[in-house]
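Asks: Here it is, the structure in full.
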Amino acid sequence: MPGHGSDYSTEERQLRTRDEKEGVEQWVESVFFAVGEVTFLGLPAFYGLMDAEPNAPLKFAALFAWLALVICIGTFRGPWLDVDWPPVTPLLLLLRLLYYNVVIAPVAYGGAAIDLAFHLPTVTAAVAVLLSVGSAVAFPRLARAVDVR
């Protein structure tokens, strides 16, 4: 028969069931997609923080704000916690764009203010993480309120 080779690996791959990811592998994949979501949608805030002062404390707090958002969102998207993470619809994508920027920039400035007041990087990081975690926890409720309208 023309066009058919003796290699049946393609047909075998199509017949095999795909293994579902679970456990740590599923969590890493979820966090990976959260990295892309938060980083891409938070670009306006990150761009605005590039030359802002106070430079080092601001970047330090922004890094922890970003990290906490990514880990929270990646964890909330999976089945590990009882969080009904909202799907990506056009309206909720716009909300995410606004929300992530409104979270990242003020948390970075708040963390920088804490750093200037106390000169303790651990306190700066803790404040940025707590504010970001609180913001990530609040997002599903806000998304439900916006999506209902």
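Asks: May I ask for the net charge around Pro87, where only other residues with Cβ less than 14 Å from the Cβ of Pro87 are counted and Lys, Arg are +1 while Asp, Glu are -1?
Replies: Taking every other residue near Pro87 into account, the sum is 0.
Asks: Among residues other than Arg77 whose Cβ falls under 10 Å from its Cβ, what is the net charge (Lys/Arg +1, Asp/Glu -1)?
Replies: After counting each charged neighbour, the total is -2.
Asks: Taking the Cα of Val148, stepping 7 Å toward and past its beta carbon, and measuring to each backbone N in segment 72-107: which are under 16 Å?
Replies: Inside the label zone: 84, 86.
Asks: For Glu37, Glu53, Glu20, Glu29, give the ranking by accessible area with the largest first, probe 1.4 Å.
Replies: My answer, sorted largest first, is Glu20, Glu53, Glu29, Glu37.
Asks: Here's another thing I want to ask about it. How big is the accessible area of Arg77 in square angstrom, nearest 10, if you roll a 1.4 angstrom probe over the protein chains?
Replies: Arg77 has an accessible surface of roughly 90 Å² with all protein chains in place.
Asks: Just the accessible area for Leu131, please: 1.4 Å probe, Å², rounded to the nearest 10?
Replies: For Leu131, solvent-accessible area is about 80 Å².
Asks: Can I ask one more? Give the shape of segment 64-135 as rounded, prolate or oblate, defined through the alpha-carbon gyration tensor: a ≥ b ≥ c are the square roots of its eigenvalues, a/c under 1.5 means rounded, and otherwise the shape is prolate if a/b is larger than b/c and oblate if not.
Replies: Taking the square roots of the gyration eigenvalues as a ≥ b ≥ c, segment 64-135 is oblate.
Asks: Next question, about the same structure. When the Kirkwood hydrodynamic radius is evaluated over all pairs of different C-alpha atoms of the chain, what value in angstrom, to one decimal, is obtained?
Replies: In the chain this quantity evaluates to 17.4 Å.
Asks: Further, regarding this structure: What is the chain's relative contact order, in percent, from Cα pairs under 8 angstrom and six or more apart in sequence?
Replies: After rounding, I find 29 percent.
Asks: Quick check: pseudo-label points 7 Å beyond the Cα along Cα→Cβ at Phe33 and Met50, how many nm apart are they?
Replies: 3.0 nm
Asks: May I pose another question? How large is the accessible surface per residue of the chain, computed with a 1.4 Å probe and reported in Å² as a whole number?
Replies: Accessible area per residue: 65 Å².
Asks: Can you pull the Rg over Rh of segment 59-104, Cα-only, Kirkwood?
Replies: When Rh is taken as the Kirkwood radius, the ratio is 1.01.
Asks: Output ³J(HN,Hα) for segment 57-63: one whole-Hz value per residue in order, computed from phi by the Karplus curve 6.51 cos²θ - 1.76 cosθ + 1.60 with θ = phi - 60°, and x for Gly and Pro.
Replies: x, 5, 5, 4, 5, 5, 4
Asks: Which residue fluctuates most in the GNM of the chain (Cα springs below 10 Å): Asp19, Asp51, Asp115?
Replies: Answer for the Gaussian network model of the chain: Asp19.
The values are calculated or read from the model by the stated rules, or taken from the named source; none is laboratory data. A quick note: this is a predicted structure, and the numbers were derived from the prediction, not measured. Every residue, glycine among them, receives a Cβ derived from its backbone with ideal geometry; neighbour counts consider all protein chains shown. Please note that ligands, DNA and RNA were not included when accessible areas were found on the heavy atoms of the full protein model with its side chains. Shrake-Rupley method; radii C 1.70, N 1.55, O 1.52, S 1.80 Å.
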